[in-house]
Structures are given as C-alpha cells and as structure tokens.
1. How many angstrom lie between the C-alpha centres of segment 233-289 and segment 37-113?
2. Tally up the carbon and sulfur contribution to the accessible surface of segment 64-346 as a whole percent, 1.4 Å probe, everything protein left in place.
3. Counting heavy atoms of the protein chains only and a 1.4 Å probe, report the per residue accessible area for the chain as a whole number of Å².
4. Which angle from 0 to 90°, rounded to the nearest 10, does the C-alpha axis of helix 233-247 make with the longest principal axis of the chain?
5. In Å and whole numbers, how far do the C-alpha atoms of segment 1-74 stretch along each principal axis, longest first?
6. If the cut-off is a Cα-Cα distance under 21 Å, which lysines reach K78, setting aside same-chain residues fewer than 8 apart in sequence?
7. Just need log10 I(q)/I(0) for the chain at q = 0.09, 0.10, 0.12 Å⁻¹, Debye formula, equal scatterers on the alpha-carbon atoms, no solvent, rounded to two decimals.
8. Tilt of helix 130-144 relative to the longest C-alpha principal axis of the chain, in degrees (0 to 90, nearest 10)?
Amino acid sequence: MLNILDLSLQELKEWMKENSESQFRAKQVYDWIYKNNWDFNDMNNIPVALRDKLMKSFYIEVPKIIESLKSTSDDTEKFLLGYRDGNVIETVVMKYKHGNSVCVSTQIGCRMGCRFCASTIGGVVRNLSSGEILGQILASQKAIGERISNIVLMGSGEPLDNYENVLKFINIVNSDYGLNIGQRHITLSTCGIVPKIYDLAEENLQITLAISLHSPNDVLRKTMMPIANRYSIEEIIEACKNYIQKTNRRITFEYSLVKGINDGIEQAEELIQLLRGLLCHVNLIPVNEIKENSYEKATSDNVKAFYNKLVDFGIETTIRKEMGADINAACGQLRRSYLEDKNTKKGV
Ligand code: SAH
C-alpha cells in the first residue's frame, strides 16, 4: 500500500494507464483530495470498481491532529500531528495580513545537532516523504478553514538532508493541480549543506533560500552548530553567490541572537563585512530559550543595537516577530514535551 499523496499527478496518471483506467481519473481523485475529502468511498464521480482498486493500492495519509495550541498573543496555531506509524511532528500556522503561512517539518527529528534547537535532541528518526510533508498542509488548511498561501520549510528537520522528497513536495504544492502555491511564496531554510545548495541552484526554481548562519565566523559557529565543522562560512557564501547568480533570488540569512554569545556589536560588524555587496536580507531572531541548554535570549537593547548597526550600513534587516512564544513555538519543543510525557507515563 502506498500513500497516494506521494504520487505526482503524472505518476497517478501512469498508474491509471497501467490499470486500464482513463488517465483523467487521476485529476478527479486529486480534486477530491484537495477539497479535503480523504475517503475514496465519497468520491462519487469515480466508478465503484475503480474506487475499490484505489483502496487496494493506496491510502490517503493526512496526519491526525493530536494536540492543537492557539497563541493568545497573536494569530499563531501550532499542531502536534501524528502519522500512521506512531511518529509525531509539529506544524505551525501563522496568520499574517498578506495570507496564511505554514511552517512544515521535513524530518522526524533532525541530525544536525544545533545547540540551541529542541528538534535535534533525540537525533533523526526518519525522513518524511513528500506526501507526508504535503499532508501537514492539508491538515492545517482543514483545521483553520482557510487557504494556505505561503510555505516555510523551517519546522523540524534539515530539508537539504532529505533532498529528493523535499524537491518533490515543492513541485507538487507548486503545480496547478496541487495547491498552486507560487514558488516565490516558498522558503527553504538550511543550516548550510553546501553541495546541496549547488544542486538546488540547478533546479530552476524561484523559491527563497534561507541560510541559518547565526554567527559571522567559523570559530563561534562551530560552538553553536556542528555542521560548521563540515562546511566553512566562506564555502556557504560562495554557494550563495552561485545560487543568486543562477536564480536571481535574494538570500535570507537567519541569525538567532543569544545573550553574550553572538549578539555583540563586534559580531554585527563582522557580519557586515561578510555580507557586504551580497543580494541578501538578514532576519534577526531573539533565540527561543529551551530548557535543554543554557542559551539565553539577547536583551531587547542588544537586539535593537545589532539591528541598527546592520541597517545603518545598508543591509536590509528585519527582527522576526516572536510569534507564539506562549505555545512553545520554537522548533521541536512541543514534540519534545509530548515524548517526555509519554516516557514518564511508561515509567521510563
Ligand atoms: N534545519 C533547517 C530548518 C529548520 S530550523 C535550518 O537549520 O535552517 C529553522 C530555523 O530556526 C533555523 O534558522 C534554526 O537555526 C532556528 N532555530 C532553531 N531553534 C531555535 C531556537 N531555539 N531559537 C531560535 N531559532 C531557532
């Protein structure tokens, strides 16, 4: 049995052909699914015999909402979603004036080991398939009763560590039979897996690439992110230049500000030297504190000073609005507390 959401329209058409069915049936099936109908039995324009055949070969996996937390301070809603194999992940919906944005997870857990991040604490369990990532959007849309217009691949997991599935997911949500979400409304965030950034540049996509930099030099970055031992900042910047040249797209650099670690004016100055002349945008994020480490959020004075320094130099910078702090919106915190609860109940 396969999750039908893992098939592109073309692949489902081929399946129809191999099963002596008309290819237009593929589109009919997806029309139902995208209208939030996830039971083959209800697809009343599909002949019963074909519905039976479909049910023998496929299931439609939209993950179940196990827990839903709504922020009191803003329009953020976080879902703990469960897949049929018992694994859980997090998906966050953020409502902005310009539309609804969903932050999807690409792996169950993560193996990148960033020190400030809760998603990586138990390592990676497995990759999510393209259909499983897509299912997060279908579940979110149904739950909020509104269309999703922006996608950020910034939930748990490293998207470039699950390259093929993530690419397939992007192509499906972008297609007109799918969710028809424009590539410019999709952002992929990576901790900087350099060879995959080069691969991505060749895909002919117009998505936004976000790099989790968090430090202007390798020495400091190595203390925060193990991936820095593998690829230097210089290599990342070279890969970004290539991405810009191939796609003409502006790169976003994410920089989580940690008190006393990377939030000083010297680091801001170093960052300016690093990024000068590059087609980019910096997104400052006061770090979300998690109980598993001692990193503290930078003070608002330091955040402001850091911001002003970059802006004064002419680097386009934003301070990420802290959405959903009251609902554990930092990567992986909800899943962690769910797993911990489960273990406590089991007496582990
Ligand atoms: N693996 C990808 C995408 C997932 S993390 C990446 O590294 O980009 C999404 C973003 O949230 C990254 O910039 C990550 O560094 C950041 N992040 C993770 N935990 C955080 C925390 N506790 N506080 C602030 N930012 C955090």
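1. 32
2. Here it works out to 46 percent.
3. Values: 15540 Å² over 348 residues.
Here the per-residue accessible area is 45 Å².
4. Once rounded, one gets 50 degrees.
5. Cα extents, longest axis first: 54, 22, 21 Å.
6. K64, K70, K95, K97, K142, K291, K321, K342
7. -0.51, -0.63, -0.88
8. The angle comes out near 90 degrees.
The values are calculated or read from the model by the stated rules, or taken from the named source; none is laboratory data. Everything quoted here is computed from the prediction, not taken from an experiment. Surface areas here come from the heavy atoms of the whole protein model, side chains and all, with no ligands, DNA or RNA. Shrake-Rupley method; radii C 1.70, N 1.55, O 1.52, S 1.80 Å.
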